[in-house]
1. Could you check Glu147 against (1) surrounded by fewer than 13 Cβ atoms within 10 Å (Cβ to Cβ); (2) at pLDDT below 85 and say which number it fails?
2. Taking segment 431-465 on its own, how many of its residues are open to solvent by 20 Å² or more (accessible area, probe 1.4 Å) and either in a loop (DSSP other than H, G, I, E, B) or under 18 Å from Gly408 (Cβ atoms) (or both)?
3. Scan segment 116-143 for residues that are free of Cβ contacts under 8 Å to residues at least 40 places away in the same chain, open to solvent by 30 Å² or more (accessible area, probe 1.4 Å) and either among the small types (Gly, Ala, Ser) or touching a strand residue (DSSP E or B) at 6+ places or on another chain (Cβ under 8 Å) (or both) and jot them down.
4. Return the residues of segment 150-171 that are within 11 Å of Val116 (Cβ to Cβ) and crowded, with 18+ Cβ neighbours inside 10 Å; say none if nothing qualifies.
5. Of the residues in segment 282-306, how many are free of Cβ contacts under 8 Å to residues at least 24 places away in the same chain and open to solvent by 20 Å² or more (accessible area, probe 1.4 Å)?
6. Quick one: which strands (runs of 3 or more DSSP E) lie wholly within segment 229-342 and hold at least 1 residues that are basic (Lys, Arg)?
7. Do you know which of the residues in segment 308-334 that are open to solvent by less than 20 Å² (accessible area, probe 1.4 Å) and of a type in the set (Ser, Thr, Tyr) is nearest to Lys230 (Cα to Cα)?
8. Please work out which one of (1) open to solvent by 40 Å² or more (accessible area, probe 1.4 Å); (2) more than 28 Å from Asn241 (Cα to Cα); (3) of a type outside the set (Phe, Trp, Tyr) is the condition Lys490 fails and give its number.
Amino acid sequence: MKKALMTMTAAALILSMAACSGNANSGKTTSGTTTAAAQTEAVQSTDQQSGASGTSVFNEENGVLTYLDTEHAPFDGTGLKITINKSAGTVNFVKTDLSGKETVEYYTFDFNTNTVEQYYYVSMMGTGFYYTFDLNADEIVKIENSEHEDSTQSTKDNGRYDSANERLRSDVKALQTYFTEQYGTEMSDMVEKSAAAPQDKSDTASSEEYGTVVIENGDRTVTFTSMPQKVLCANLYAAENMVMLGLEDHIVGKNVHTNPAEVPLPELADKFENIPEIEKSLENAVALGTDLVIGQISTFKDTAWGSFEQLESNGINCLTITGTIVPDETVEHIYIDIENLGKIFKVEDKAAEVIANIKADIAATEEKVKSIADEDKLTVFVLDSFNGNEIYTTSSGLQSNLIELAGGKNATKGMADSRWFNTSVETLLATNPDVIIINDYGKQTVEEKRSFAFDNPALADVPAIKNDKVLVIPLVEVMQDVRAATACEKIAKFLYPECFE
């Protein structure tokens, strides 16, 4: 079952109601919410959850141990999802309900720094706080609000620090005792043993082994000195490129889909089941522990996921989809994005394979339609959306490029300096297209877009309308990812079915 939407509120509320409030619901589940803490592997099978004790109940994959305990957690009415990261030296506890559904609350024991970070949700405030607890000092040393702003002193000033410290000290001891009794060893010992164990050669390279990767991204230079571990994909196509390269385990979230047509490729669908959809906000990007955001140029606004400056100040690298920062996007820019991912994640061979497959498929489509003479090529008008008497359509860019690769002519090519522009119904009439492509996305339905053209008497003699030659394409299929090849073939088959018989 796909994890649901993350909706952690970003309000900077008064600190006198700090997270140490006794009204917090420590068992708050995330029905309708994806926790930023819960970056986990698949939950183990039911028979492993049946109450067996000892460390043997943990599943291990790529140096990470996981276990879901819904029977023995030390907190009333909750379970625990436990993740032990060998290379990082951490033990993470995410609170769940008794069915295993994760809540937003977690505790991360870091034995490199000998600290515990807790995210604590305050239901009466609709937000949460981050606490850093020093295991040596046995006390809280830092408190941050949901925007990671330091609120330690204000919490002390409001007289809430002592109760918060007592609560967290009790929780830490309860978890330590629980772990020792349930699994037969102390957390610190297990991490030390795990960290000392031989590592699988397939594990992520260390920073020393990784080196430095420099990506020229438009007018920005993006530098990586270690492999990103928590990638937020702000568009479906960014996520699909990652998954196509076998990098789904690096994705901590993707954007919330805005249309039923915005679904993953069927062959990738099962790998998207554990990728949560995240509500757009800088706070959520930060709360996920994101170290890289990938998206269109529109992603990087303070009204979206955050500006370059905002994200980078939180230690988050930003990679812009190339096609959205060049004057005229073509399939060549998709290859650049895939190649860049190959460099960043050290999967150059896989990236080269994916690129070669896309090129081969597009070449096969071009071969099918190469016999179509220029004077016989069909004219295509893209009806992206409408507003009153205006139509939003394409002058250049990827969709225009795919139409041309498929043997067609973009009816509005070169009519504007920008790739997308507003024009009138009169332009649709004047270009007299043979085919209309309707982009399926957004709030306007395909039926509404179709009616806009077909219910206008002035357009009745336009060949595309008179002959009912309308191709509906989900917008995601003509955006910046591996779908380019199949979209090109789909358009070509619609324009010239006889070439594919």
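1. Failing condition for Glu147: (1).
2. Within segment 431-465, the subset open to solvent by 20 Å² or more (accessible area, probe 1.4 Å) is 431-432, 434, 440-448, 450-452, 454-458, 460-461, 463.
Imposing the further condition that a residue be either in a loop (DSSP other than H, G, I, E, B) or under 18 Å from Gly408 (Cβ atoms) (or both) reduces the set to 431-432, 434, 441-445, 455-456, 460-461, 463.
Summing the residues that are open to solvent by 20 Å² or more (accessible area, probe 1.4 Å) and either in a loop (DSSP other than H, G, I, E, B) or under 18 Å from Gly408 (Cβ atoms) (or both) in segment 431-465 gives 13.
3. Here is the first cut: in segment 116-143, the residues free of Cβ contacts under 8 Å to residues at least 40 places away in the same chain are 117, 130, 132-142.
Then keep just the ones that are open to solvent by 30 Å² or more (accessible area, probe 1.4 Å); that gives 117, 132, 134-139, 141-142.
Scanning segment 116-143 gives Glu117, Thr132, Asp134, Leu135, Ala137, Glu139, Val141, Lys142.
4. Start the filter on segment 150-171 by keeping residues that are within 11 Å of Val116 (Cβ to Cβ), which leaves 168-169, 171.
Result: Leu168, Asp171.
5. Just the residues of segment 282-306 that are free of Cβ contacts under 8 Å to residues at least 24 places away in the same chain, to begin with: 300-303.
The next check asks that each one be open to solvent by 20 Å² or more (accessible area, probe 1.4 Å); those that pass are 301-303.
Matching residues across segment 282-306 total 3.
6. Details: elements: 231-233, 251-255, 292-295, 317-320.
Result: 251-255.
7. Step one: filter segment 308-334 for residues open to solvent by less than 20 Å² (accessible area, probe 1.4 Å), giving 311, 316, 318-323, 329, 331, 334.
Checking which are of a type in the set (Ser, Thr, Tyr) leaves us with 320, 322.
Working: Thr320: 16, Thr322: 21 Å.
Per the stated criteria, the residue is Thr320.
8. Result: Lys490 fails condition (2) only.
The values are calculated or read from the model by the stated rules, or taken from the named source; none is laboratory data. Bear in mind the structure is a predicted one, so any value in this text is a computation, not a measurement. A quick note on method: Cβ atoms are made from the backbone with ideal geometry, for glycine too, and the neighbour counts reach across all protein chains shown. Accessible surface is based on the protein model in full, side chains and every heavy atom, while ligands, DNA and RNA are left aside. Shrake-Rupley method; radii C 1.70, N 1.55, O 1.52, S 1.80 Å.
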